[in-house]
Structure formats: structure tokens, C-alpha cells
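Since the structure comes first, as C-alpha cells, the remarks are kept for the end.
The values are calculated or read from the model by the stated rules, or taken from the named source; none is laboratory data. These numbers come from a predicted model, not from an experiment. In this analysis, Cβ positions are derived from the backbone assuming ideal geometry, glycine residues included, and neighbour counts consider all displayed protein chains.
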Amino acid sequence: MNNTQTLLKGIIKENPVLVLLLGTCPTLAVTSDVKSAVGMAAAAAIVLILSNLAISLLRNIIPDKVRIPCYIVVIAGFVTVVEMLMHAFFPEIYSALGIFLSLIVVNCIILGRAEMFASKNGVVASIMDGIGMAIGFAIALVAMATIREVFGAGAFFGIEIPFLKDYTIPILTSAPGGFFVFGLLIAIVNKFLSKKRKPKAEFGCEGCPSANSCNKTDCEKEAE
Amino acid sequence: MKKDSLKSIIVLVSICLVVGLLLSGVNSITAPIIEKNDSAAANGAYLVVLPNATTFEDVIGDFPETVLEMKKDAGGSGFAFKIQGSSSYSQSPLQMILGIDNEGKITKLVITNYAETKGNAADFEALFVGKDATMTDVVAGVTYTTNAIKDAVKAAYDVFFEYADIEKSDEQKLQELYGVIMPNATDKTGAFAFEAVESDSAPASVTGIYASKLGIGYIMTVTSGDKTLVIGVNAYGKAYVVYDIDGNDLSADASYDAAKADAEAAMASIYEANHDAIVAKMVTEGIISSAADAQKVDFSAVSSRVVAVYKVSGGLAYVAKAEGFGGLITVCYVINDAGEIVKYATLAQTEVAYENLYGTYIAEDEYAANLTGKTVADVTDDTLLIAGSTFTTNATKLCWNDIKAAHEILNGEVQ
């Protein structure tokens with residue numbers, strides 16, 4: 001797999017939100033308006049790329065036994081840096097994201113990429129993977145936020161849309177509406193990808209979107 | 001095994017240390033910006049009125065209910081207040097942010113909640129900039145609202161003087177004494193109206209003469225030894241109170257009698273001229289037939305809107321002044337021994353055209369018809385009320401109240 005493929009797979013085929021179903025919590029929480037979604041996507045992208053880079057660099061130093069605590073420390077460090085920078089320079093987005101900014105630490109996408117990809121691949125590939133995943137995450141967030149804000153609040157990026165603002169669907173901006181849109185998007189992406197998917201009987205490990213990054217021999221070894 | 005554990009510990013600790021260093025580095029850059037942002041957000045409204053302020057500190061105190069918050073600029077550029085006032089015209093209270101600098105001047109007034117019928121918020125804001133504790137202007141057409149704002153601003157000043165811990169200037173102290181010495185010397189908006197006057201004949205010790213615009217008296221600053229005294233001189237030319245500049249009442253202290261005499265001397269000729277003018281007007285209005293019929297009665301112990309009392313045939317003639325809509329009104333009541341109002345007339349002051357004394361709708365005759373023949377006890381607010389002329393009616397009431405009080409003191413004593 002070359003670097004371009006690594007980058008592209010995160011966008012649709014292994015989209016972290018809509019295919020891998022990771023990072024659901026921030027996805028639902030910050031997509032009620034586009035502005036917060038963009039802020040969240042940017043913050044997560046920075047952390048994702050930097051942590052992939054750092055973990056890839058450290059992959060031969062970090063002992064296997066303490067790898068998860070090490071990843072968490074590295075990720076938490078970057079999250080805190082991003083949080084402090086946002087608080088200082090983008091206070092508006094900082095307050096809009098609230099607690100979900102800190103919760104990037106436990107965003108499964110980032111820990112997932114660290115564990116599944118960066119700890120096993122080179123620096124360049126890891127950065128590409130980070131960028132791809134970040135773009136995939138951003139696309140999913142912005143798509144959801146656009147649907148929710150346009151139809152739920154009759155606005156886009158805080159700017160009111162004539163006509164639509166008189167016929168809003170307020171539930172879309174609240175949590176249940178978030179689930180509706182989330183489900184809808186997953187269904188669409190699933191439909192889109194289903195033709196490429198292998199028949200159910202042969203599903204197994206090969207049918208899994210994460211098969212490429214999953215070192216299944218490890219599991220099998222442990223199972224033995 | 002042991003080696004593995006040791007390696008794990010060292011690596012994890014090193015990573016923690018590196019991350020810790022990185023965080024402290026970033027924090028040292030962002031912490032001051034975050035602190036500034038936070039205080040700016042919390043004090044954004046206050047920064048508008050005190051743009052040079054650095055950080056605001058709360059001032060805790062026992063404030064009147066119109067003063068909601070007081071903030072002190074740690075950088076020393078002044079004080080900011082959150083105040084509110086209520087107007088008769090709306091349910092929603094007026095809320096304002098007021099900035100006062102260290103000299104006691106208003107830097108800015110911003111109205112944050114304005115729910116009145118007329119959109120004059122900007123006029124009010126412009127009205128107060130650069131003003132100090134004495135505010136005299138009114139925005140036309142929204143008198144009640146102006147007064148509500150003024151009351152709130154005055155309350156803020158009270159708090160300012162009490163808690164700001166700033167030495168008041170002599171000018172401010174003097175302005176506060178206006179209300180103590182001459183509580184009746186207010187114009188139609190309730191502000192104390194005084195203007196500085198010159199007198200060629202004043203003794204050298206008299207350093208300042210401030211005449212009530214109503215003409216009910218004078219306040220003078222007089223030097224006595226190393227002290228600056230503030231002396232109230234009433235319309236009869238009598239120095240009736242002595243205060244020092246810090247507001248201590250020294251009236252009973254005989255050692256300041258010389259200063260009182262100086263103050264009385266400064267204005268001696270003016271009173272005579274004033275009295276002559278009033279008597280001449282009473283003749284014109286038919287209250288007396290000639291100047292010789294009016295004998296001056298001394299009513300000089302207090303400050304009152306009653307500026308002159310004369311014994312005339314049929315009773316006592318009381319002359320009082322207050323500010324009505326068009327300017328000063330001067331009224332004259334003749335009350336006999338039985339307490340009956342024998343005559344009522346409006347005396348014009350020479351410098352105010354007679355037709356300005358009342359609105360076009362109101363004639364002197366209406367008051368005269370309402371009042372003549374009534375006894376002192378009969379006169380109520382309704383007797384004095386003439387629709388369409390609120391300010392003038394108020395002024396008439398103020399005059400009447402003081403005349404009634406004067407009559408209660410003088411009736412029976414003057415033979």
C-alpha cells in the first residue's frame with residue numbers, strides 16, 4: 001500500500017466515523033452547527049497527525065507492555081497543547097466545543113490509529129494515515145453539521161438562510177436529531193460501499209474494513 | 001525480565017517528562033493571553049466605559065439598590081458601575097454601565113437595557129459624557145426617563161464618593177454643600193442651580209460668590225484664618241449657616257462671626273435692589289397701592305423659597321420663587337390673620353418675559369380664581385393643579401408649601 005492509498009482510504013473506505021464507527025461521541029455532540037464541527041475537526045486533525053508522527057517515531061523505543069499508557073500520555077499532551085492554544089487564540093470556538101475538546105484524549109480514532117497504524121508503520125506513512133483519517137473525520141463532521149444546521153436551524157456557519165429559517169426542524173439540532181442524521185449518513189455510505197463488499201459468507205477478517213491495519217496474527221497467537 | 005521492566009519505567013517517565021516540558025512551554029505562552037481574554041469577556045461592558053483599564057476588581061460595599069456593581073480598575077484609570085433606574089413609562093428597568101474617572105468626571109454612559117417608547121438611548125449617552133456629579137441637562141420629551149437615569153447616576157456618585165477612596169476636590173465638596181445649605185435651590189429637574197457672580201464691593205476674604213439661579217440666596221466661600229468657610233446667605237441678606245469645606249456645621253461657633261459679617265457685606269446692596277424690584281412689582285400687580293404700604297418682615301433664620309415677606313394692609317404678603325416650565329415663577333400670596341388667602345398674584349422677574357412664566361394655556365387668573373378666598377388649611381394639591389402645566393404646577397406647589405410653613409411661623413408674631 002503506497003502513501004496515496006494510505007491517505008485516501010481514510011476518506012471513504014475506512015472513514016473513521018461512518019465506516020469504523022469511531023469517535024461517535026464528539027461527532028454527535030459538536031455537529032449541531034458547522035462552526036463547532038470545523039473547530040472540532042481542526043483540533044482533532046492536529047492531534048491526530050502529531051500523535052501519529054510522534055508515536056511512529058517512538059515505535060521502536062516504547063516497550064510493548066506500556067505502549068497504551070505511553071500513547072495516552074503523548075495524545076493527552078497534544079490535546080492539552082491544542083486546547084491551550086485554542087483557549088488563547090480562538091476563545092469562541094473553545095467555548096463552543098467545551099468539554100469535547102478535552103475529550104479528544106479519549107477519542108477512539110486517535111488511540112485507534114496509534115495502536116493500529118502508527119505503531120507499526122513508518123513516519124511518512126503514519127502522517128499520511130493521520131491526514132487521511134483527519135480528512136475523513138472532518139468530512140463526516142461537516143456533512144452532519146451542515147444537514148443539522150441548515151435544516152435544524154435554517155442557517156449555515158451562523159448565517160441565516162432565507163426561506164429555510166422559517167421552516168426549521170428543531171429536533172435536528174438536539175441529540176435525537178443527531179442520531180437520525182448519523183444513522184442516515186451511515187446508511188448512505190454503507191449503500192455506496194456495499195457493492196465492493198465481499199459476500200457475507202466470506203466476511204471474516206478479510207471483509208473487515210480494518211483488516212489492512214489489523215495484525216490478526218497477534219490475536220491468533222494469543223488465542224493459541 | 002528485570003531489564004524489560006526497567007526500560008518500561010524509564011521510557012514512560014521520559015515521555016511524561018518531555019510532554020510535561022512541552023506543556024509548560026506552551027502554557028507560559030498562552031496563560032497570559034487566556035487570562036486577558038477571560039477578563040475581557042467578563043468585563044467587556046466595563047471596558048467600553050473605561051477603555052484604558054487593565055483589569056477590573058470588584059468593590060464590595062453596602063450599595064443602594066440602583067447600584068448593582070462597582071468595579072475598580074487595577075490600573076487606576078477609574079471606576080465602572082452597573083446601575084439601573086426605573087421610569088414611570090416602562091416595566092423593564094433601565095440598565096446602564098457608567099464609567100467615572102479619578103477626577104469624578106463621567107467617561108461614558110452606556111445604556112444596556114432601554115425599553116422606552118422613544119428611541120433616545122444615544123441622546124442620553126451623549127448627554128452624560130464629561131459631566132460630573134452635578135448634572136443639569138435634560139433630553140427634551142423624555143423628562144421622566146432622564147430623571148430616572150440621573151437618579152441612578154447620582155446613586156452611583158454617592159457610592160463613588162463613599163468607596164472610591166479618592167480625595168474630593170474643593171469644587172466637589174462645595175457642590176455637595178449646595179444641597180445641605182440651600183436644599184430648596186433646585187431647578188425643575190431637581191438639580192442644584194447656582195452660578196458664580198462677581199461683586200466689586202465684596203471684602204477680600206470673600207473668595208467666591210455663587211448665586212442661586214432661583215434668587216433665593218447665595219453661597220459664599222470665605223477665608224477665615226487658614227480655613228475655607230462656606231456660608232449660606234439667604235434672600236434677606238442674612239448669613240444663616242456656616243460650614244467648613246468638609247461639611248462640618250460651624251454655625252454656632254461665634255469665632256466665625258467676622259466671616260459672616262464679610263459675607264453679608266458682600267451682597268448688601270443687591271438685597272436692597274431685589275427688594276425694591278419686588279415691591280415695585282407688587283404695586284404694579286395691585287397688591288399694594290404704593291411702595292410705602294409694604295413693611296419688610298424679617299424671615300431670615302432659614303433657607304426657604306420664600307424670598308420676601310411684607311406686612312401689607314389686610315395681612316402678610318409672601319413672595320416665593322421656584323422654577324416652572326418656562327423659567328422662574330415668582331408668586332405672591334397675601335394671607336390675613338384668619339389664614340385666608342386674600343390675594344394671589346404672579347410677580348414677574350424683570351429678566352423673564354411675563355408670558356414665559358406660564359404656558360400659553362395657563363393664565364394667572366386660573367390660579368387666582370382657585371385660590372382666592374381659600375384658607376391655608378383648604379389649599380390642597382388639587383387646588384393648585386392646573387392640567388397641562390405639570391412643571392408650573394409643581395413649582396406652584398413648592399412655593400405654596402414654603403409659604404404655608406412661613407405663615408405658620410410668622411402668623412400671630414407679626415403685629
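Descriptive notes on the structure:
So that you can scan it fast, the table gives a plain yes or no per residue for (1) in a helix (DSSP H, G or I); (2) crowded, with 20+ Cβ neighbours inside 10 Å; (3) facing another protein chain (nearest Cβ under 10 Å):
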position	(1), (2), (3)
A:Ala54	yes, yes, yes
A:Ile61	no, no, yes
A:Arg67	yes, no, yes
A:Tyr71	yes, yes, yes
A:Val81	yes, yes, yes
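- Among helices (runs of 4 or more DSSP H) entirely within the stretch B:97-190, having at least 3 residues that are over 12 Å from the mean Cα position of the chain (by Cα) and at pLDDT 75 or above singles out B:143-163.
- Unique match (being touching a residue at least 60 places away in the same chain (Cβ under 8 Å) and surrounded by fewer than 21 Cβ atoms within 10 Å (Cβ to Cβ)) among B:Ser201, B:Ser205: B:Ser201
- The stretch A:83-122, residues that are within 20 Å of B:Ile34 (Cα to Cα), more than 14 Å from every other protein chain (Cβ to nearest Cβ) and without any contact (Cβ under 8 Å) to a residue 24 or more places away in the chain: A:Gly98, A:Ile99
- Only one of the listed residues (A:Ala125, A:Ala140, A:Ala96, A:Ala88) is surrounded by 21 or more Cβ atoms within 10 Å (Cβ to Cβ) and assigned to a helix (DSSP H, G or I). That residue is A:Ala140.
- Every condition in (1) buried (at least 21 other Cβ atoms within 10 Å of the Cβ); (2) farther than 19 Å from A:Asn52 by Cβ holds for A:Ala114 except the one numbered (2).
- All conditions in (1) surrounded by 19 or more Cβ atoms within 10 Å (Cβ to Cβ); (2) over 19 Å from the mean Cα position of the chain (by Cα); (3) β-branched (Val, Ile, Thr) hold for B:Ile219, with the sole exception of (2).
- Residue count for the stretch B:29-52 under the criterion of being assigned to a helix (DSSP H, G or I) and more than 10 Å from chain A (Cβ to nearest Cβ): the result is 8.
- When residues of the stretch A:12-42 are limited to those that are among the β-branched types (Val, Ile, Thr) and surrounded by fewer than 19 Cβ atoms within 10 Å (Cβ to Cβ), the one modelled with the lowest pLDDT: A:Ile12
- Check on B:Phe63, part of a loop (DSSP other than H, G, I, E, B) and among the aromatic types (Phe, Trp, Tyr): yes
- Screening A:Ala45 with (1) modelled with pLDDT of 85 or more; (2) in a helix (DSSP H, G or I); (3) over 30 Å from A:Gly154 (Cβ atoms); (4) touching a helix residue (DSSP H, G or I) at 6+ places or on another chain (Cβ under 6 Å) gives one miss only, at (3).
- Here the condition is being assigned to a helix (DSSP H, G or I) and within 15 Å of A:Cys108 (Cα to Cα); of A:Pro26, A:Pro16, it holds for A:Pro26 alone.
- The criterion of at least 3 residues that are modelled with pLDDT of 80 or more is met by the following strands (runs of 3 or more DSSP E) wholly inside the stretch B:214-321: B:217-224, B:227-234, B:239-244, B:306-312.
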